[in-house]
Amino acid sequence: MKKALFNIVFVAITIFILISSSINAYNPICESEKYQYYNYEQMTSLLHNLSADYPEIINVTSIGKTYQGRDIWMVKISDNPEENEDEKGVLLMSAHHGNEKPSYEVLIHYIKYLVENYEKNNTDDDGDCQINEDIIDGIDNDEDGLIDEDPSEDRVRNIINNTQIFLIPMVNPDGVEANTRKNCAPNHGWYDKRKKTTSYGVDLNRNYGYDWDYYKIRPFLCRFFINVRDRSFTYRGPYPFSENETQAVKQVVENNNISISLSYHTYGAVIFYPWFHTSTPAPYYEKFISIGENITKINKYRLYKSSNIPIIKNLGTPGTSENWLYGEHGILSFTVELGNKTYAPSNPNIVTDMCIKHVGVNNYVCERTWLLD
Ligand SMILES: [Ca+2]
Ligand SMILES: [Ca+2]
Ligand SMILES: [Ca+2]
Ligand SMILES: [Ca+2]
Ligand SMILES: [Zn+2]
């Protein structure tokens with residue numbers, strides 16, 4: 001009897017060791033192979049190098065300073081980037097939340113992709129004797145079993161020559177450096193009523209001033225809402241546009257003619273559009289569905305029908321950039337939640353795949369603006 005018990009325990013331990021060693025063997029990422037995300041300094045010098053190398057199509061400006069004194073960089077890519085031409089505008093933003101690192105990698109990759117391809121001749125990238133037969137759109141256009149293997153150089157030129165692309169890859173550089181969701185400015189109680197510092201950081205994607213008093217007219221919701229408490233990780237700030245970062249974005253939007261905007265976050269593999277705070281459908285929501293569905297064809301994410309937001313369960317989210325961009329300026333604005341498992345994956349294949357897919361998404365939204373009134 002004792003021996004039988006011993007055998008069972010022995011077999012169980014052996015199985016456990018085998019399983020745990022196979023799990024380790026299955027995990028292929030060791031420290032040196034982890035994806036190396038840009039930091040703020042590295043991005044800053046990259047952007048300035050690119051603007052020195054390609055001055056005729058890229059312009060880098062500081063649109064404001066953070067609490068900790070970092071410049072918030074905006075990149076404009078277009079032909080004649082110094083001028084405000086009669087061309088449609090696209091606004092691409094990332095890292096409202098500093099810990100969502102793939103978001104700015106996607107935009108840095110897109111910036112490099114655009115400027116490096118602008119003067120390239122049309123090239124047979126895959127050497128099959130056809131030129132540009134499979135553009136980046138998530139579809140195997142020539143049905144050879146490979147997807148997007150021969151992107152079009154002409155397409156890049158067309159986009160740059162006919163669109164004004166505004167990119168803010170790190171809306172929240174202090175948060176990126178601290179690896180925190182919120183920015184790093186000090187708070188002074190819920191409505192800034194206290195003298196002493198009570199906590200740090202505002203969730204910038206709750207600080208945009210459209211229907212911001214949604215809570216006040218629905219005080220019963222306010223009781224549950226964590227966004228009004230300064231210690232909350234989704235604290236919305238003491239008043240709309242209280243933060244340098246949201247002020248900076250506001251100036252850009254008010255001084256330029258923008259038609260479509262994408263704001264990248266992680267994670268969820270899902271796309272959202274306004275409204276975020278109520279389940280009442282936004283005016284002309286059909287446009288969001290049509291553009292959103294075309295984006296899902298490229299990145300294979302899910303389009304979340306915003307009017308289906310279970311408002312009582314989630315209690316709504318006022319203060320998002322999308323709500324303000326659409327509500328105040330009529331800009332067709334989307335959130336893209338990259339990836340499906342973590343805020344900042346370490347597997348390089350996952351991040352690289354996000355970057356490539358969203359070249360296609362960004363190209364599509366640039367071209368889509370040409371069809372808008
Ligand atoms: Ca090509
Ligand atoms: Ca080819
Ligand atoms: Ca193909
Ligand atoms: Ca393709
Ligand atoms: Zn986010």
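The values are calculated or read from the model by the stated rules, or taken from the named source; none is laboratory data. On a predicted model such as this, the values are computed, not experimentally measured, just so you know. Methodologically, a virtual Cβ is constructed for each residue, glycine included, from the backbone with ideal geometry; neighbour enumeration extends over all protein chains shown.
For the reader, a short list of remarks on this structure follows.
- The sole residue among 212, 275, 190 that is within 20 Å of the chain's Cα centre (by Cα), part of a loop (DSSP other than H, G, I, E, B), of a type outside the set (Val, Ile, Thr) and at pLDDT below 95 is 275.
- Among the residues of region 61-110, the ones that are more than 16 Å from ligand 5 (Cβ to nearest atom) and more than 19 Å from residue 366 (Cβ to Cβ) come to 14 in all.
- Entry remark, region 94-138: residues being within 23 Å of residue 161 (Cβ to Cβ), more than 16 Å from ligand 3 (Cβ to nearest atom) and in a strand (DSSP E or B) number 0 in total.
- Taking every residue in region 130-155 that is on the phi > 0 side of the Ramachandran plot and within 11 Å of ligand 4 (Cβ to nearest atom) and pairing it with any residue that is among the aliphatic types (A, V, I, L, M) and not in a loop (DSSP other than H, G, I, E, B), at least 6 positions away or on another chain, the pairs with Cβ-Cβ distances below 8 Å are 138/298; 148/356.
- Pick from region 82-93, criterion touching a strand residue (DSSP E or B) at 6+ places or on another chain (Cβ under 8 Å) and in a loop (DSSP other than H, G, I, E, B), ranking: surrounded by the most Cβ atoms within 10 Å (Cβ to Cβ): 87
- Of 291, 298, all but one fail to be at pLDDT 95 or above, assigned to a helix (DSSP H, G or I) and within 28 Å of residue 84 (Cα to Cα); the exception is 291.
- Near pairs, Cβ below 6 angstrom, 6+ apart or cross-chain, from region 35-58 (touching a residue at least 60 places away in the same chain (Cβ under 8 Å)) to any residue that is small (Gly, Ala, Ser): 35/346
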